[in-house]
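Asker: Got a structure here, written out as structure tokens. Questions coming.
What follows is calculated from the coordinates using simple rules that are stated; it is not laboratory data. Predicted model only: the values in this text are computed from it and were never measured. Because the Cβ atoms are built from the backbone with ideal geometry, glycine has one as well, and the counts that use them run over all protein chains shown.
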Amino acid sequence: MRTLQLLCICGCIPLLMTLRPAAAQQPKLESSVETPTFRLWEGKAPGAVGDEDRDIPTLTYYAAYGRQTSGTAVIVCPGGGYVGLASNHEGRQVANFLNSLGVKAFVLKYRLGPRYRHPAPLSDAQRAIRLVRSRAKEYDILPDRIGIMGFSAGGHLASTAATHFDSGNFSAEDPIDRLSSRPDFVILGYPVITFTAPYMHKGSRNSLLGENPDPKLIELLSNELQVTPQTPPTFLFHTNADTGVPPENSVSFYLALRKAGVPAEMHIFERGAHGVGLGMNDPALAEWPRLLANWLRVRGLLTR
């Protein structure tokens with residue numbers, strides 16, 4: 001029912017069809033044709049401590065449908081406090097909405113605490129950006145239209161990727177590692193941004209950094225302090241009623257973007273608890289996907 005409601009946002013209910021991407025060389029596709037899932041690394045991920053599913057970061061691909069595709073792709077990072085992943089309402093449903101706009105989506109399964117600490121999740125997000133960029137031709141994506149989107153702790157990961165990126169290691173043996181990890185735009189839903197009091201989400205911080213993290217690491221990963229003019233354009237939404245992750249997180253990031261001269265748009269809705277996803281149960285909050293679509297359209301990301 002939530003997916004049906006989501007598709008109604010676009011004024012029609014297109015037949016949900018997905019396209020099988022061309023056969024990849026590395027990493028190998030591992031699951032169904034409709035939503036193929038592939039590893040970020042062909043072998044073990046850097047720093048992996050085992051061979052279980054939780055040790056293997058992946059991307060799941062959702063093809064655009066219902067209209068001419070735009071050449072734009074978004075890597076989606078579900079939230080979950082860095083200990084779990086809300087892969088349905090902050091993953092699959094969001095991917096389906098993006099697909100309805102002609103945007104291709106890749107839902108990221110990143111490594112989680114307490115088994116994994118920083119920098120493992122960031123390494124996964126950076127690798128995801130490089131990997132999608134390396135396969136842009138295969139997926140009919142423009143390599144300068146690859147964004148990252150995150151919710152809650154996934155928003156912290158997305159904002160970390162947006163403020164801690166590099167242009168690639170030109171001498172790397174793996175050609176994927178030679179590509180830039182900078183996302184071209186960022187979308188943040190009720191994100192964890194700061195790891196400093198009084199507005200931090202302590203659970204996310206402890207899961208990522210441990211119980212007594214180094215103050216320098218806290219500062220490094222308080223992303224409102226890491227914005228530069230090179231930070232990508234950003235769309236943010238939050239709710240005033242969010243007591244899990246206070247809206248000051250989004251506000252502080254927006255103000256840092258504004259100070260740095262980075263194009264940004266923010267929407268703070270009056271109602272809505274933390275973790276609302278697409279917000280379909282509230283007529284006001286349900287407007288945020290439309291506002292995002294307008295922002296993407298204005299930025300030229302919904303047309304070739």
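Asker: How long is the gain from residue 144 to residue 51 if the chain were fully straight, where each residue apart is worth 0.36 nm and the alpha carbon distance is subtracted? Working shown, then result.
Answerer: Numbers: separation 93, 0.36 × 93 = 33.48 nm, distance 3.36 nm.
Full-extension gain reported as 30.1 nm.
Asker: Pull up all non-local amide H partners of residue 151: gap of 5 or more, or a different chain, and H-to-H distance under 5 Å with H placed in the peptide plane.
Answerer: Answer set, sorted by chain and number: 77, 79, 189.
Asker: Given H placed on each backbone N at 1.01 Å, which residues far from residue 179 in sequence or on other chains put an amide H within less than 5 Å of it?
Answerer: Sorted by chain and number, the residues that satisfy this are 169.
Asker: So what is the 222 nm mean residue ellipticity for the chain from helices alone, if each DSSP H run of at least 4 adds -39500 (n - 2.57) and you divide by all residues, rounding to the nearest 500 deg cm²/dmol? It would help to have the intermediate numbers written out before the result.
Answerer: On the way: 8 runs with 79 residues, N = 304.
After summing the helix terms and dividing by residue count, I get -7500 deg cm²/dmol.
Asker: To the nearest 0.05, how large is the calculated FRET efficiency for residue 241 and residue 42 if R₀ is 51 Å and r is the Cβ-Cβ distance?
Answerer: Efficiency, from the Cβ-Cβ distance: 0.70.
Asker: Going highest first, how would you order 40-53, 211-224, 149-162 by mean Cβ packing within 10 Å? The partial results should precede the final answer.
Answerer: Values: 40-53: 13.4, 211-224: 15.9, 149-162: 29.4.
Per-residue mean Cβ counts within 10 Å order the peptides as 149-162, 211-224, 40-53.
Asker: Cα to Cα, under 28 Å, and not fewer than 8 places away if on the same chain: which lysines meet these conditions relative to residue 202?
Answerer: Within the straight-line cut-off, residue 202 pairs with 109, 216, 259.
Asker: While we're on this one: Grab every C-alpha pair in the range 203-304, bin the distances at 10 angstrom width from 0 up to the longest one, and report whole percents.
Answerer: All Cα pairs, binned at 10 Å, distribute as 14, 35, 37, 13, 1 percent.
Asker: Here is a follow-up. Tell me the relative contact order for the chain as a rounded percent, counting alpha carbon contacts under 8 Å between residues six or more apart.
Answerer: Numbers: 653 pairs, mean separation 47.6, N = 304.
16 percent.
Asker: Would you list 254, 62 from fewest to most Cβ contacts within 10 Å? Write down the numbers at each step before the final one.
Answerer: Numbers: 254 22, 62 25.
Result, fewest neighbours first: 254, 62.
Asker: When the expected Rg is taken as 2.2 N^0.38 Å, what fraction or multiple of it is the alpha-carbon Rg of the chain?
Answerer: On the way: Rg = 17.9 Å, N = 304, 2.2 N^0.38 = 19.3 Å.
In units of the globular-protein estimate, the chain measures up at 0.93.
Asker: Starting with the fewest neighbours, write out 237, 97, 170 ranked by other beta-carbon atoms found within 10 Å of each beta-carbon. Don't jump to the answer; show the numbers that get you there.
Answerer: Numbers: 237 26, 97 22, 170 8.
Placing the least packed residue first, the sequence is 170, 97, 237.
Asker: For the range 181-195, what does the Karplus curve 6.51 cos²θ - 1.76 cosθ + 1.60, with θ = phi - 60°, yield as ³J(HN,Hα) per residue in whole Hz, taken in order and with x for Gly and Pro?
Answerer: Values, residue by residue: 9, 6, x, 7, 7, 9, 10, 10, x, 5, x, 6, 10, 9, 10 Hz.
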